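What follows is one structure encoded as structure tokens, with my remarks underneath.
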Amino acid sequence: MDKSKKSKFITGLVITGIIVLLTLWGMIKTPYDPYAMDSGAKFAKVSFSHFFGCDQFGRDVFSRVLIGIRETMFIAASVVFIGVFFGTILGMITGYFGGWLDEILMRFNDAMLAFPSILLALVIIGIFGPGKYQLIAALGIAFIPSFARVVRGEVLKIRNLDYVLSVKLYGASDLRILVVHILPNLKTVLLSTVIIGFNNAVLAEAGMSYLGIGVQPPEPSLGRMLSEAQAYIYTSPMSAIFPGLVIVLMILGFSLLGDTVGKKH
Amino acid sequence: MSNVLEVRNLTVEFKKNKKPFYAVNDVSFDVKEGEILGLAGESGCGKSTLSRAILGIQKKGVTGEIRHYYKRPQMVFQDPAGSLNPAKTIGFILEEPIRVRGHFSKEERERRVKDMLKKVDLPEEFLTRYPNELSGGQRQRVCIAASLMQEPRFLIADEPVSALDVTVQKQILDLLKKLHKELNLSILFISHDLRVIFDLCDRVMVMKSGKIVEMGDREEVYFHHKDPYTAQLMEAARTKYQ
Amino acid sequence: MRYALRKIATMFITLFFVSVIVFFSFSLIPGSPAMNKLGTEATPESIKALEHEMGLDRPVAERYGKWLLGVVRGDFGKSYSYNQPVTKLIADKLGATLLLSVMAIAITILVSIPLGIFMARKSDTKLDIFLSGFNQLIMAVPSFFSGILITLIFGVVLRVFVPGGYISYKTSLIRCIGYLVFPAFAIALPKISMVSKLLKDTVMAESGKDYVRTAYSRGNRTKSVFYKHVLFNALIPVITFLGMAFADIIAGSIIVEQVFSVPGMGRILLSSISGRDYPVIEAIILLLAFFVVLSNLIVDLLYHKFDPRINV
Amino acid sequence: MLKVEDLNIKINDRRGNTIPVKDVDFEMDRGDILGIVGESGSGKSMSALAIAGLLSRHDMEKSGHIIFEGVSLLNCPRKVLRKIQGYEISMIFQEPLTSLNPIRRVGWQVEESLRIHTTMDKAERRERALKALADVELDDPEAVYNSFPHELSGGMRQRAMIAAAMISEPRLLIADEPTTALDVTIQAQIVELLKKINRERGTAILFISHDLSLVNTLCERVIVMKDGLVVESGICEEVFNNPKEEYTKGLIAAIPKNPFSERK
């Protein structure tokens, strides 16, 4: 790893570390009740008691941001899990066995990939209706094709390597070849796709919630806080800027890590 | 002498831009017990496809008859970097053949792995090393060792020394000769280097565009050939090596 | 030419698949649209009657066939909630969305390619390190947040434009473009960073290749090695990426329309999703898919022109 | 014509200092064919690249002298170097496919040196390029001129590379393992072609190879390198039949026996 790559990696690690800490904080306790409205604190300025100020209902923005991070991370993790789990299975099977099954699945996959994942998620939400779990399902499904493609490409490369052929000649079963001999070599690729997946999931979740078809009120979410604060942008721009900055930090951390992890040269 | 392999009218057909293309075209030959049969040919002549078809790795488009007289023939490949799993230790790689087949106890397997390592002149410390810690020649020794773990009687060696420096090349060839004698192996040895084939093989086949154009004893093929392509090949080698 | 024809054929096949998937998945949703429409006053009889009126009692395949025939003629059916033809409903919204997308694409190309070249030429200087870091940051800003920041800076503080003051292109194309520049930039910003970074990276990767050494061995100036040899090779992967970026831009415009209150297809899509107005959703998705596939087609053809190795 | 004195190349990178080339000395006259032989990592290619002026990594330190026709080439400004590169000294490489620009037509690449070093117009350049392609015994120069590298076979590509290198009639041709990637029959043809070029035009050839016997066929003199050092040098036949150094002996002993030398 050269110097610039190393500093990128460390920056990414630090940012992601902070985000993870904030997630844990949000899981344990928030400074204020994120749902408690305090008419006296409406649009309260940034201060020591309210780090990020208060919103139009006098709710503490920092507490709501903590919950928002927690929610976003939960959704992103679920989405990536769905995508990686099914994508890996699908990619391994199609990449290894090839044939007509691969042909059909990959045609279908290509059609889905030609489709931006946001659009795909919109279709699925259109079917399931808006909501947090619907969003997880929608984004998870929308992410499967890209994971499947990455895994398939890698498996395709590995399956024709001589060492896989050797193991075949020993008489090992296909399952053993896939699990024992191919899967461990997918580690690096999977790691970087998982991180990039987190990056995309955070972005998509925030976008969907901004549009109002993700996490539903009164539960706070970063995207939704942005769209709500936008109406008061003349009076209280800070309630939009803080949640926005947090989204930027999350994506920045993951993208820095994704750029540096896994791609060895 | 009996045969370890009989190939009759083997053809491998690929579709290339919808036109049929015969990578292997109506090939028939035998490999006799205990012999090293050389297969010479230039790149793209179909030697690798032929070996894959014989071992059943290539199945699509294969017609004709392939008859093995012993179970589980093995193969040694050209690129020693790609033929070892980078995520596994040498010990794991060597044990794998007898782990998937055969019912040996853990101790017995370990004993066999150690024995084999000795046979290919590698020290025991290598058991815990990973392939990328080894030199090209050492890796090729590991590959040979792994291919012999199931005690096969027939081995295909596909350009096993082409990627190596001359001095290492010689060591590996000497190792193959030794193992051939000790284990009474039959080997189909594929190479583009006519000197190596002459050095190692009893009988030689020359392949061009999917066909065997000449086959016979070493001396016959090298000095009393009938086919014009063989003549061309030998002439090129003669000028090159003087 | 044959390549182009084949690509066009593939494009229509993809669209056909999309239409099948979209139509059938909406037909599979439990609950009848008629029931939704009638709400709480629904009686089994009135639902039946309305279903018959809407043609929902016919088999799915027949309804699909009918719908597809209509689509080919430009008729997307009737909206459930607005009681007027979908085509009429989305016709003028389509223009705004398209104009916005095209502007964002144009900005992306016009800024990112020169920027990428500049960064590659200045590689390893302080300026490049700064620009790369800046790029990394911009990439992490989602377009709806950069939209809000742009609104805040140019709308609220500098007062260069009036947030929410969209002027239809029918009234004045110039003023419409003048307004749409801001959302277009919001959409284009992260793409500019990505494309310029990619271009720089591919230039660096290409620079290490054997043919570059050959070019030097013939006595080329460093500059001509770059412009005559490296650049066009480096652009090939960039073109592929642009294809995907265009698709993202078209989809992303839906979100940014909300930020800048542009009355495009985004708003009507959202209201149709919450109102379960399936004919409208189907129409918009199909249209967006059409533009995505079309932009992919253009990129494919361009790619073909650039890289002689892709034949057939 | 060419004089290399105390050539040293040091690389300082993350892995520490390495010296791939140490104190290399040799001379070449016009019309000479000199071979450099060594196994991978011996520093032979790096020496060749240094002479062609193609080593310019930042983490590299070069010292000594490379003097070509009285001009010092090592560590000289690129402006000086550029006038000689592709005009007085040309180079061909091991992998003709990757050494050609994949998206430019072969003809464009063959005439590139002329475009850079002369004021010839398009038609003239084209004529010269077609002649150069014909000179390397390509059957259909016109077709080759108009094709892309991937459309040619390996042997044809290497011929095109030679045509591009010879089009400006250089005094020195550096050939870095030009036949390694090719089949034996093609190898023999390329070697014959190089011999012919040397014979007919008097171009000096610096031939880098790992293949001792190939060098023996082509070259008059040979330098044997190991770990950056020159181990042995001299007239080819002498070195071959009567090697003095242990390393050279080992190298020669490792060559598979030549079946053809035993007879006739």
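All of the numbers you see were taken from the coordinates with simple rules; none came from a lab. The structure displayed is predicted, hence computed values, not measured ones. Glycine gets a Cβ as well: all are built from the backbone with ideal geometry, and neighbour counts include every protein chain shown.
Taking 24 Å as the straight-line reach from the Cα of residue B:19, the lysines in range (excluding those fewer than 8 positions away in the same chain) are B:47, B:59, B:60, B:208, B:211, C:7.
At a 10 Å Cβ-Cβ cut-off, how would you order A:164, A:180, A:202, fewest neighbours first?
Numbers: A:164 23, A:180 19, A:202 28.
In order of increasing Cβ crowding within 10 Å: A:180, A:164, A:202.
Only Cα pairs under 8 Å and 6+ residues apart enter the sum, and on that basis the relative contact order of region A:3-264 stands at 25 percent.
Over 33 Å, how big is the tail of the calculated P(r) for region A:3-264, in percent of all Cα pairs? Can you show the working numbers first?
On the way: 10677 of 34191 pairs.
Within region A:3-264, distances greater than 33 Å cover 31 percent of Cα pairs.
The distance linking region D:1-76 with region C:226-278 is 52 Å (Cα centroid to Cα centroid, whole angstrom). Entry note, chain D: relative contact order of 26 percent, from Cα contacts under 8 Å with a spacing of 6+ residues.
When the Cα positions of C:288, B:64, B:162 are compared along the charge dipole of the protein assembly as shown, C:288 comes out farthest toward the positive end, with charges on each C-beta of Lys, Arg, Asp and Glu.
Using the Cα centre as the reference, give the magnitude of the dipole from point charges on the C-beta atoms of region B:145-242 (Lys, Arg: +1; Asp, Glu: -1; all else neutral), rounded to the nearest 20 debye. Please report the intermediate quantities before stating the final value.
Working: 13 positive and 15 negative charges, 13 e Å.
Magnitude of the dipole: close to 60 debye.
Quick one: grab the alpha carbon gyration tensor of region D:107-184, order the square roots of its eigenvalues as a ≥ b ≥ c, and give me rounded if a/c is under 1.5, else prolate or oblate depending on whether a/b is larger than b/c. Because a/c hits 1.5 or more and a/b fails to exceed b/c, region D:107-184 counts as oblate. Placing +1 on the Cβ of every Lys and Arg and -1 on the Cβ of every Asp and Glu, with nothing else charged, gives region D:96-169 a dipole about its Cα centre of roughly 280 debye.
Please work out whether region B:67-175 counts as rounded, prolate or oblate from its C-alpha gyration tensor, where a ≥ b ≥ c are the square roots of the eigenvalues and a/c under 1.5 means rounded, while otherwise a/b larger than b/c means prolate and anything else oblate? All intermediate terms of the calculation are to be shown ahead of the outcome.
Working: a/c = 1.78, a/b = 1.18, b/c = 1.51.
Since a/c reaches 1.5 but b/c is at least a/b, the shape of region B:67-175 is classed as oblate.
For chain B, a Gaussian network of Cα nodes joined below 10 Å ranks B:35, B:125, B:13 by mean-square fluctuation, and the top entry is B:125.
What is the ratio of the Cα radius of gyration of chain B to 2.2 N^0.38 Å, where N is its residue count, to two decimals? Before the final figure, lay out each step's value.
On the way: Rg = 18.4 Å, N = 242, 2.2 N^0.38 = 17.7 Å.
In units of the globular-protein estimate, chain B measures up at 1.04.
Based on Cβ point charges of +1 for Lys and Arg and -1 for Asp and Glu, what charge dipole magnitude is obtained for region C:90-306 about its Cα centre, in debye rounded to the nearest 20? Provide the component values of the computation, followed by the final result.
Working: 19 positive and 11 negative charges, 166 e Å.
Roughly 800 debye, rounded to the nearest 20.
Taking only the alpha-carbon positions of chain C and ignoring solvent, what does the Debye formula give for the base-10 log of I(q)/I(0) at q = 0.10, 0.11, 0.12 Å⁻¹? Summing over Cα pairs of chain C leads to -0.72, -0.83, -0.94.
For chain D, what is the convex hull volume of its Cα atoms per residue in Å³? Please report the intermediate quantities before stating the final value.
Values: hull volume 37.6 nm³, N = 264.
Per-residue hull volume (Cα only) is 142 Å³.
Put simply, the amide H of residue B:187, placed in the peptide plane, has neighbours under 5 Å in B:35, B:36, B:37, B:155, leaving out anything fewer than 5 places away on its chain.
The ranking of B:192, D:65 from fewest to most other beta carbons within 10 Å of each one's beta carbon is D:65, B:192. Amide H to amide H distances under 5 Å link residue D:174 with D:90, D:91, D:92, D:206, where only residues 5 or more positions off or on other chains count and H is placed in the peptide plane. In a GNM of chain A with a 10 Å cut-off on Cα contacts, which of A:169, A:22, A:105 has the highest mean-square fluctuation? Sorting by GNM fluctuation, first place goes to A:169. Each residue of region A:211-217 was assigned a 3J(HN,Hα) from its phi angle through the Karplus curve 6.51 cos²θ - 1.76 cosθ + 1.60 (θ = phi - 60°); the sequence is 6, x, 10, x, 4, 9, x Hz, with glycine and proline shown as x.
Compute the Cα gyration tensor for region B:135-208, then decide on rounded, prolate or oblate, letting a ≥ b ≥ c be the square roots of its eigenvalues: rounded whenever a/c is under 1.5, prolate when a/b is larger than b/c in the other cases, and oblate in all that remain. Verdict is oblate for region B:135-208.
Remark: relative contact order (region B:132-242) = 18 percent; criterion is Cα-Cα distance under 8 angstrom and separation of 6 or more residues.
Stokes-Einstein diffusion for the protein assembly as shown at 37 °C, viscosity 0.692 mPa s, with a Kirkwood radius from C-alpha pairs, works out to 97 µm²/s.
Along the axis of the charge dipole computed for region C:90-306 (Cβ charges of +1 for Lys and Arg, -1 for Asp and Glu, origin at the Cα centre), the listed residues C:220, C:98, C:108 are led at the positive end by C:220.
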